[in-house]
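Engineer: Right, I'll just put the structure down here and ask away after.
The values are calculated or read from the model by the stated rules, or taken from the named source; none is laboratory data. Just so you know, these numbers come straight off a predicted model, no measurement behind them. Positions of Cβ are backbone-derived with ideal geometry, glycine not excepted, and every protein chain shown enters the neighbour counts. In case anyone asks, the SASA skips ligands and DNA or RNA and just uses the protein heavy atoms, side chains included. Shrake-Rupley method; radii C 1.70, N 1.55, O 1.52, S 1.80 Å.
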Amino acid sequence: MNNIKNVLAGHLVVGQAILTIGVSFPGPKIAAATHLCEFYYDVIQRGQFVFKLQEWHAKHGPIIRINPDEIHIYDADYLLSSVFTASSGKRREKYEVATRVFGAPQAAIATVDHNVHRMRRGAMGRFFSKENVRRVEPIIQTMLQRMFARMQDYQETGRPLIISLLYSAFTADVITEYAFAKSSNYLDMPDLNKKFFDMMVGVHEMGAMARYFKWMMPVLNSLPPWLVTNLNPGMHEFFVFQEDMKGRIQEVKEKSEYYEALAHKTVFHEILNSDIPAPEKTVDRLWQDAEIVSVAGTETTAWTLAVITFYLLADPEVLRRLGAELFTIAEESVPWKRLEKLPYLTAVIQEGLRLSFGVTSRLVRTCPEETVRYESKGKLWEIPPGTPISTTGPLYHLDPSIFPDPLRFRPERWLQAGHDLDRYLWSFSKGSRQCLGMNLAYAELYLCLFAVFRKYGGPGDHDPRMELFDTSVEDVEFKYDLFVPYPKMESEGIRVVLKDD
Ligand code: HEM
């Protein structure tokens, strides 16, 4: 595709309608003519393009051209049986331009080619199956005990606790123990490693820029760390983190016998001992998957926990109903398998996933071997093979025709019979590229929410022992799409105070 080649050359492409998309698709003419439009809303206006897409679909219908190369479709039912189907066996590839945000081109998440992606994902997949997650549930329980020890400190002193930060430390410690048998131990750090999480906003902003400037991530990666740190002080923490990832892979490589003898198998040791081709097993490639697994396994799950905690504490009736259900279980600690059967807790989690969004950027796929046909209002659109086709989760999550009164946290909507709302929950994406860590994320959500709200939420007829502190809905509301959602930039996080018994 001519225009894609221009983008790959590393320039911000202006103008030039592409020849391969010959038909005139609906949408603003300026958007179809140049990448400047999305650049303006994504980068200059900081993560606002998603809201433009919402506006454009309302005006132009379910299929629009959003830049010279890309078609955006807003029709989950159609996409689930075509571009985002999981089991068709058809090639589904990523769009190279969209993968630049990751800054890790050889990680599974950034792999364009269908077959290479299958090999990379396959090598990690079984570690994140439901069966395997159930086997390593004790890791989550251990980290919960550490988390409660930290909460105890805050309870005794009455100091406000940034619970969103505490959850980030918890999920980071779980994923690093799970993946490397070596926890990052953020829960033991006096500041819960706050500076690391604070600088992630800068990393995401760089990612947004990298989409338009191909050279950016490789250049940043090739500069000496001290120079990048001078340019962007927050990046220092990220370099420390990347070096840690490389060191971890190196260690797994060198201490093979130690990892072999462990009670639970770890992802990277098993990959190194698998029969995938040797170039796939180099430290230079594997640290990229290690980084993505560690970051993806931390931020998203922690944000979902924080958003749910906010809405529960903000609505006494919902909290009361949840409390009543949690106290039908006598034990303080039970397996995930039992918790999954609790209908109201399940509804709370689904509603929390909806309002925490997961990935807020558009998810882009290409179908290299087929013409994609989409019919709307009696018109048939033919999208040529290889054209980037995207859709955006928050558009479904905030659609009042699917989720009436969409900004309200209302778990009850998931309990109504006859609705298949799961189809419209795009937090984990859909199809062959959907989230690899979904089972682990669900296990963490169930176990953590059960433990926290059984201890601090009360049995339903008591006042909770946790209260919001100086935190309002503006601290959770989705304002910026930096690949993941951000609320107002001045937010100090979701803060609570814990009361004594
Ligand atoms: C609530 C929690 C989570 C949410 C909402 C979430 C969301 C997502 C989404 C939307 C994608 C697709 C991104 C894309 O198409 O570019 C993804 C991919 C991925 N996620 Fe998650 N994630 C969560 C938790 C986790 C956890 C705990 C892990 C730990 C292993 C993880 C690891 C990954 C990986 C490795 C991929 C890439 C999969 C591939 O390309 O085959 N995620 N996640």
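Engineer: Within segment 53-80, how many residues are over 20 Å from residue 401 (Cβ atoms) and either free of Cβ contacts under 8 Å to residues at least 40 places away in the same chain or among the hydrophobic types (A, V, I, L, M, F, W, C) (or both)? If you could, list the steps in order and put the result at the bottom.
Structural biologist: From segment 53-80, those over 20 Å from residue 401 (Cβ atoms) are 65-71; that's our starting set.
Right, trim to either free of Cβ contacts under 8 Å to residues at least 40 places away in the same chain or among the hydrophobic types (A, V, I, L, M, F, W, C) (or both) and you get 66-67, 71.
Here the count works out to 3.
Engineer: Same structure, new question: (1) under 27 Å from residue 340 (Cβ atoms); (2) not in a loop (DSSP other than H, G, I, E, B): which one isn't true of residue 99, the others all being true?
Structural biologist: (1)
Engineer: Now, a different point. Under 23 Å from the mean Cα position of the chain (by Cα) and either assigned to a helix (DSSP H, G or I) or modelled with pLDDT under 95 (or both): is that true of residue 214 in this structure? Before the answer, list the steps.
Structural biologist: On the way: under 23 Å from the mean Cα position of the chain (by Cα): yes; either assigned to a helix (DSSP H, G or I) or modelled with pLDDT under 95 (or both): yes.
Yes, satisfied.
Engineer: Please find, within segment 482-501, the residue that is least open to solvent (accessible area, probe 1.4 Å) out of those that are assigned to a loop (DSSP other than H, G, I, E, B) and either at positive phi or of a type in the set (D, E, K, R) (or both).
Structural biologist: 493
Engineer: Still on this structure, please answer the following. Read through the list (1) over 20 Å from residue 243 (Cβ atoms); (2) part of a loop (DSSP other than H, G, I, E, B); (3) modelled with pLDDT under 95, then give the number of the only condition that residue 192 fails.
Structural biologist: Going through the list (1) over 20 Å from residue 243 (Cβ atoms); (2) part of a loop (DSSP other than H, G, I, E, B); (3) modelled with pLDDT under 95, residue 192 breaks only (3).
Engineer: Among (1) open to solvent by 10 Å² or more (accessible area, probe 1.4 Å); (2) within 25 Å of residue 270 (Cα to Cα); (3) of a type in the set (A, V, I, L, M), there is one condition residue 110 misses while meeting the rest; what is its number?
Structural biologist: Checking residue 110 against (1) open to solvent by 10 Å² or more (accessible area, probe 1.4 Å); (2) within 25 Å of residue 270 (Cα to Cα); (3) of a type in the set (A, V, I, L, M), the one that fails is (1).
Engineer: Then there is this: Between 293, 283, which is of a type in the set (Val, Ile, Thr) and closer than 26 Å to residue 164 by Cα?
Structural biologist: 293
Engineer: Still on this structure: Tell me yes or no: at least one residue of segment 344-351 is open to solvent by 50 Å² or more (accessible area, probe 1.4 Å), away from the ligand (no atom under 16 Å from the Cβ) and either outside any loop (DSSP other than H, G, I, E, B) or among the basic types (Lys, Arg) (or both).
Structural biologist: No, segment 344-351 contains no residue that is open to solvent by 50 Å² or more (accessible area, probe 1.4 Å), away from the ligand (no atom under 16 Å from the Cβ) and either outside any loop (DSSP other than H, G, I, E, B) or among the basic types (Lys, Arg) (or both).
Engineer: Still on this structure, I have one more. Any residue in segment 471-482 that is in contact (Cβ under 8 Å) with a residue 12 or more places away in the chain and under 19 Å from residue 171 (Cα atoms)?
Structural biologist: Yes, segment 471-482 has at least one match.
Engineer: Suppose we filter 230, 221, 273 for residues that are open to solvent by 20 Å² or more (accessible area, probe 1.4 Å) and touching a residue at least 40 places away in the same chain (Cβ under 8 Å); which single one remains?
Structural biologist: Going through 230, 221, 273 in turn, the sole match is 221.
Engineer: Right, next: Scan segment 391-409 and tell me whether some residue there is of a type in the set (S, T, N, Q), at pLDDT 95 or above, more than 16 Å from the ligand (Cβ to nearest atom) and surrounded by fewer than 12 Cβ atoms within 10 Å (Cβ to Cβ).
Structural biologist: Yes.
Engineer: Right, here's the next one. Just one of (1) farther than 21 Å from residue 366 by Cβ; (2) open to solvent by less than 40 Å² (accessible area, probe 1.4 Å); (3) β-branched (Val, Ile, Thr); (4) free of Cβ contacts under 8 Å to residues at least 60 places away in the same chain trips up residue 30, so point out which.
Structural biologist: Only one criterion in (1) farther than 21 Å from residue 366 by Cβ; (2) open to solvent by less than 40 Å² (accessible area, probe 1.4 Å); (3) β-branched (Val, Ile, Thr); (4) free of Cβ contacts under 8 Å to residues at least 60 places away in the same chain is unmet by residue 30, namely (2).
Engineer: Of all residues in segment 159-175, count the ones that are open to solvent by less than 10 Å² (accessible area, probe 1.4 Å) and within 14 Å of the ligand (Cβ to nearest atom).
Structural biologist: 7
Engineer: If you don't mind, another one. Quick one: residue 328 ticks every box in (1) within 23 Å of residue 411 (Cβ to Cβ); (2) touching a residue at least 40 places away in the same chain (Cβ under 8 Å); (3) surrounded by fewer than 21 Cβ atoms within 10 Å (Cβ to Cβ) bar one, so which box is it?
Structural biologist: (2)
Engineer: Sticking with this one: Mind telling me which of the residues 134, 146, 118, 126 ends up being touching a Leu at 6+ places or on another chain (Cβ under 7 Å), part of a helix (DSSP H, G or I) and open to solvent by 20 Å² or more (accessible area, probe 1.4 Å)? It would help to see each step written out before you state the result.
Structural biologist: Values: 134 fails: touching a Leu at 6+ places or on another chain (Cβ under 7 Å); 118 fails: touching a Leu at 6+ places or on another chain (Cβ under 7 Å); 126 fails: touching a Leu at 6+ places or on another chain (Cβ under 7 Å).
Going through 134, 146, 118, 126 in turn, just one is touching a Leu at 6+ places or on another chain (Cβ under 7 Å), part of a helix (DSSP H, G or I) and open to solvent by 20 Å² or more (accessible area, probe 1.4 Å): 146.
Engineer: For segment 434-449, which residues satisfy the criterion of being open to solvent by 20 Å² or more (accessible area, probe 1.4 Å) and either near the ligand (Cβ under 7 Å from one of its atoms) or in contact with a helix residue (DSSP H, G or I) (Cβ under 7 Å, 6 or more places away or on another chain) (or both)?
Structural biologist: Residues satisfying the conditions are 434, 435, 436, 437, 438, 439.
Conditions tested, residue by residue: (1) within 15 Å of the ligand (Cβ to nearest atom); (2) part of a helix (DSSP H, G or I); (3) surrounded by fewer than 23 Cβ atoms within 10 Å (Cβ to Cβ); (4) under 21 Å from the mean Cα position of the chain (by Cα).
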site: 296; (1), (2), (3), (4): yes, yes, yes, yes
site: 303; (1), (2), (3), (4): yes, yes, no, yes
site: 309; (1), (2), (3), (4): yes, yes, no, yes
site: 324; (1), (2), (3), (4): no, yes, yes, no
site: 369; (1), (2), (3), (4): no, no, yes, no
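Engineer: Also, I was wondering about something else. Determine the pairs where a residue that is within 12 Å of residue 248 (Cα to Cα), located within segment 279-290, has a partner that is open to solvent by 30 Å² or more (accessible area, probe 1.4 Å) and within 16 Å of the ligand (Cβ to nearest atom) with Cβ atoms under 6 Å apart, the partner being 6 or more residues away or on another chain.
Structural biologist: 288/106
Engineer: Filter segment 371-398 down to the residues that are within 27 Å of residue 421 (Cβ to Cβ) and of a type in the set (S, T, N, Q), then identify the one that is farthest from the chain's Cα centre (by Cα).
Structural biologist: 376
Engineer: Output the residues belonging to segment 416-433 that are part of a loop (DSSP other than H, G, I, E, B) and within 7 Å of the ligand (Cβ to nearest atom). Please lay out each step first, then the result.
Structural biologist: Taking segment 416-433 as the starting set, the residues that turn out to be part of a loop (DSSP other than H, G, I, E, B) are 416-420, 425-430.
Within segment 416-433, 427, 428, 429 meet the criteria.
Rundown of residues vs (1) in contact with a Phe, Trp or Tyr (Cβ under 7 Å, 6 or more places away or on another chain); (2) within 18 Å of residue 492 (Cα to Cα); (3) of a type in the set (A, V, I, L, M), yes/no style:
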residue	(1), (2), (3)
283	no, no, yes
288	no, no, no
291	no, no, no
302	yes, yes, yes
306	yes, yes, yes
313	no, yes, yes
